[in-house]
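The structure appears right after this line, and notes come after that.
Bear in mind these aren't lab numbers, they're just calculated from the coordinates by the rules spelled out. Keep in mind it's a predicted model, so treat the numbers as computed, not measured. For neighbour counting, all protein chains shown are included, and Cβ atoms are generated from backbone atoms with ideal geometry for every residue, glycine included.
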């Protein structure tokens with residue numbers, strides 16, 4: 001049996017070799033490395049794939065969040081809600097704009113924001129001088145959040161919703177693809193994402209032309225149609241043309257890869273649910289399966305057993321944001337974040353990439369189930 005990799009980008013590269021090198025060579029021959037034609041082509045293909053009106057690419061998923069916040073004119077003195085159980089980029093983007101993050105707990109079933117606790121926090125800050133301006137909903141591990149419920153809360157409390165879909169592009173809710181579910185959706189093309197490039201990259205999907213035009217300006221220093229007329233304070237956040245060419249190669253096999261991930265997830269759930277808390281996928285939801293995350297007691301012993309069996313496993317995330325040294329100052333003792341703390345001690349993720357072979361999947365499953373038996377006995 002071949003060595004099991006947590007993510008097998010080499011196997012993927014071999015599958016797309018002919019598209020990949022042709023696209024990269026076209027960029028090299030054209031020498032148009034910044035905002036070349038491949039960038040516009042990619043934006044159109046991404047928008048078409050998602051069923052979104054507009055797509056604007058940028059330099060990273062983090063920048064996508066920052067650009068979205070700036071386009072909504074969120075900044076100093078404003079407050080923005082985000083889950084504590086997430087990657088630092090979510091909270092980081094809020095602080096970079098000058099706003100303050102308000103951490104909210106997540107559901108242990110879905111890993112996404114807990115809507116009951118969210119409503120309590122929105123109510124708590126309703127009368128504050130600096131009201132909450134937006135909610136960043138993170139589609140963690142590939143599962144889209146419940147945007148039907150989120151939109152009702154957003155309307156009730158007059159706040160905007162930004163989707164942090166860094167891990168969920170390719171997923172769907174009620175037959176709507178991520179990118180078309182919400183008015184502003186941000187994603188990442190970091191190499192480990194379901195659709196990843198060979199460096200950093202990101203995109204914002206939008207329903208309003210005014211926001212699309214604003215973000216196009218903001219990603220290029222805030223310039224207007226005239227190169228040296230600056231309307232806003234923006235960023236240098238353009239997607240490199242070579243990365244666009246790489247993504248154009250990968251999007252050709254994206255649906256095939258998503259189908260493979262979903263089939264592996266179904267197999268894992270069927271074979272592991274007796275010994276582990278497996279991911280819960282609500283009705284009418286399809287995950288992009290950026291990660292397959294299990295919950296278990298005795299995590300340390302399980303991980304040690306897997307290491308002995310040469311099975312890679314990763315903890316996403318060992319420290320919730322409100323306990324991170326850089327973010328402790330934003331931890332409110334009046335907001336319950338127990339689920340985030342409990343999950344950080346019990347979760348771990350196993351390989352779910354599309355290039356796992358049958359014997360590798362069988363080995364992962366049997367090793368996990370044996371680990372539980374050996375530890376209990």
Original post:
Based on the mean of other beta carbon atoms within 10 Å per residue, what is the order of 103-113, 134-144, 323-333, 214-224, most packed first?
Top reply: 134-144, 103-113, 214-224, 323-333
**OP:** Evaluate E = 1/(1 + (r/R0)^6) for residue 273 and residue 208, where r is the Cβ-Cβ distance and R0 equals 51 Å; express this FRET efficiency to the nearest 0.05.
**Re:** 0.75
**OP:** Quick one: plug the Kirkwood hydrodynamic radius of segment 254-376 (C-alpha pairs) into Stokes-Einstein at 4 °C, 1.567 mPa s, and report D in µm²/s.
**Re:** 81 µm²/s
Subject >> Footprinting exposure proxy for 352, 96 (fewest neighbouring C-beta atoms within 10 Å first) >> reply: 96, 352
Original post:
Between residue 151 and residue 326, what length comes free when the chain is fully extended (0.36 nm per residue of separation minus the Cα-Cα distance, one decimal in nm)?
Top reply: 59.9 nm
Original post:
Hey, what number do you get for the chain at 222 nm if only DSSP H runs of n ≥ 4 count, each worth -39500 (n - 2.57), divided across all residues, to the nearest 500?
Top reply: -13000 deg cm²/dmol
**OP:** Please report, to one decimal in angstroms, the Kirkwood hydrodynamic radius of the chain built from all distinct Cα-Cα pairs.
**Re:** 21.5 Å
Subject >> Burial ranking of peptide ranges 157-166, 191-200 (average Cβ count within 10 Å, highest at the top) >> reply: 157-166, 191-200
Original post:
Given R₀ = 22 Å, FRET efficiency for residue 342-residue 301 by Cβ-Cβ distance, to 0.05?
Top reply: 0.80
Subject >> Potential extension, residue 22-residue 45 segment - 0.36 nm per residue separation minus Cα distance >> reply: 6.5 nm
Subject >> Exposure proxy ranking, count of Cβ atoms within 10 Å, fewest first, for 38, 308 >> reply: 308, 38
Original post:
What is the pair-distance distribution P(r) of segment 32-90, computed from all Cα-Cα distances in 10 Å bins starting at 0, with each bin given as a whole percent?
Top reply: 18, 38, 32, 12, 0
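If R0 is 41 Å, what FRET efficiency do you get for residue 34 and residue 315 from their C-beta distance, rounded to 0.05?
Using R0 = 41 Å, I get an efficiency of 0.65.
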Original post:
How many angstrom separate the Cα center of segment 116-135 from the Cα center of segment 29-85?
Top reply: 26 Å
